[in-house]
Amino acid sequence: MMQNDMSRRRLLGLGVGLGAAASLTLAGCGGGSATKSGTATGNGGKDYTGPKVSLNLWNGFTGGDGDIFKKLVEQFNAEHQNIAIAVNTYRWEDYYSKLPGAVSSGSGPDIAVMHMDQLATFAARGVITELDDVAKALELSEGDFAPTVWKGGLYNDKRYGIPLDMHPLGFYYNKSVMQKAGLDPNKPPTTRDEFTAALTELKKAGVQGFWISPFQFTGGMTFYSLLHQWGGTLFDAEVAKATFNSEPAVEACTWLVDLIKQGHSPSNVGQDADYLALKGGRNAFNFNGIWQINDIAKDPAAQIGVAELPQLGTRKAAWANSHNFTIVKQRSADANKVSGAKVFINWLSEHSLDWAKGGQIPARKQVRDSAGFTAIPNVATLAPELEYAAFPPAAPGLGEVMTTFYAAFNEAALGKKSPKQALDDGVAKADKQLEDNRKKYGS
């Protein structure tokens, strides 16, 4: 499970340590106007004909996707003799806390991969630069991407991220366990009635069919999805107030907690125990990230299927996030490096079919529509979730608030508080955090 653990931790660090790290004064990062000598095309990433540049790229791809990413960088370097990309990989939780200080001291990267819900924070702190010219020069528009992914790269109506992919929550089911309970292993439940009926049959067969983790991975992300399926939202439209204690949110949380009370899940499920139980044949259903697809492929004997999340509420919805490319501000601007970075971002975006093999859904529509992508086992299965993916909003400092949201679910799932009390208390704390963020980031 080491690789699986690292894959899980690709997302685990969202928001961890950002409160302290992002509070560093970064005004000096973008203040320099000096440009080093050399000729740069400055055409937004179409090509680069200037002198050779060496660029440093930071990312958090510590799992199997990291190997694929490095191979793509090697291919780019081989095809571009005047641009050399060096890759530095950190755990996401270390990456986000390390980046502001590195940029402030002048030792930051030229290119940085970021999750969509981190763009606003780093844009507000002056860590990353605007990329509107890249989108314009490459003639990229919302029509080339899923609308939610494209809009997620904006902050204050300016573009700071070029989307590479999206990674949603998927529905994993153990065919062998289903069959033993008399269920059709090739027809996973797609509605609430089918889902609860299946759990009833599994319970009769002595199986607790759907283990609910109290942790962000994956119980919190399951609740995040169901809250939206029930018609709720985490925040209001301005991200000024938390709304995850609304009536639909309480109903969704209560439904999950009741499954524990009814014996369909053990209480106090350990971190990753739900997923391990699925692979070990001790439960039947698990909501987990698309990043587990390559892991289940290693053990075909486990007979794990993959499908879109069932619609348990009044509408379809699934937790999702997205990786974006950003260009980091420097103390002294180097037009050649910036031009070379833009060429790399465009090149990798165009080669996102190869990236999809690492367990990601390409952001570019033309790649998703290609025969090559639809042929990738299971990954393409989750691509339709793009149409109803529930992405986090673009708001500075959101990571800390999301931690509060997941902590509220944790208290409800562990029975420490009733769902309503847990969510009410979480919203009270989140509202204070959102107020503090407006003062801190000036928006």
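Can you tell me which residues in region 83-113 are out of contact with any Leu (no Cβ under 9 Å at 6 or more places or on another chain) and β-branched (Val, Ile, Thr)? Scanning region 83-113 gives a single hit, THR89. Taking (1) farther than 27 Å from GLU435 by Cβ; (2) out of contact with any Pro (no Cβ under 9 Å at 6 or more places or on another chain); (3) crowded, with 18+ Cβ neighbours inside 10 Å in turn, ALA242 satisfies each apart from (1). When PRO384, PRO393, PRO377 are checked against the criterion of being surrounded by fewer than 23 Cβ atoms within 10 Å (Cβ to Cβ), in contact with an Asp or Glu (Cβ under 8 Å, 6 or more places away or on another chain) and more than 26 Å from THR121 (Cβ to Cβ), PRO384 stands alone in meeting it.
With respect to the conditions (1) surrounded by fewer than 17 Cβ atoms within 10 Å (Cβ to Cβ); (2) of a type in the set (A, V, I, L, M, F, W, C); (3) not in a strand (DSSP E or B), VAL103 lacks only one, and its number is (1). In region 154-171 there is at least one residue matching the filter, namely being out of contact with any Leu (no Cβ under 9 Å at 6 or more places or on another chain), surrounded by fewer than 21 Cβ atoms within 10 Å (Cβ to Cβ) and at pLDDT below 95. Looking at region 41-73, which of the residues that are of a type in the set (A, V, I, L, M) and part of a helix (DSSP H, G or I) is farthest from ILE327 (Cα to Cα)? Within region 41-73, the match that is farthest from ILE327 (Cα to Cα) is ILE68.
When each of GLU201, GLU194, GLU139, GLU130 is tested for being among the acidic types (Asp, Glu), outside any strand (DSSP E or B) and closer than 26 Å to GLU385 by Cβ, the lone residue that passes is GLU194.
Here's the yes/no breakdown for (1) touching a helix residue (DSSP H, G or I) at 6+ places or on another chain (Cβ under 7 Å); (2) of a type in the set (Val, Ile, Thr); (3) assigned to a loop (DSSP other than H, G, I, E, B); (4) without any contact (Cβ under 8 Å) to a residue 24 or more places away in the chain:
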position: THR121; (1), (2), (3), (4): yes, yes, no, no
position: GLY126; (1), (2), (3), (4): yes, no, yes, no
position: TYR173; (1), (2), (3), (4): no, no, no, no
position: GLY182; (1), (2), (3), (4): yes, no, yes, yes
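Residues in region 328-342 that are in contact with a Pro (Cβ under 8 Å, 6 or more places away or on another chain) and more than 21 Å from THR121 (Cβ to Cβ): ASN336 alone. Taking region 273-370 and the helices (runs of 4 or more DSSP H) fully enclosed by it, the elements with 3 or more residues that are more than 18 Å from the chain's Cα centre (by Cα) and more than 30 Å from ALA181 (Cβ to Cβ) are at 335-350, 365-368. The residues on offer are THR200, THR222, THR190, and the sole one that is within 25 Å of the chain's Cα centre (by Cα), among the hydroxyl-bearing types (Ser, Thr, Tyr) and surrounded by fewer than 17 Cβ atoms within 10 Å (Cβ to Cβ) is THR190.
Among residues that are loosely packed, with under 15 Cβ neighbours inside 10 Å and over 27 Å from the mean Cα position of the chain (by Cα), GLN75 is not included.
The values are calculated or read from the model by the stated rules, or taken from the named source; none is laboratory data. Fair warning: this is a prediction, and the values are worked out from it, not measured in the lab. Cβ sites come from the backbone with ideal geometry, for glycine too, and all protein chains shown count toward neighbours.
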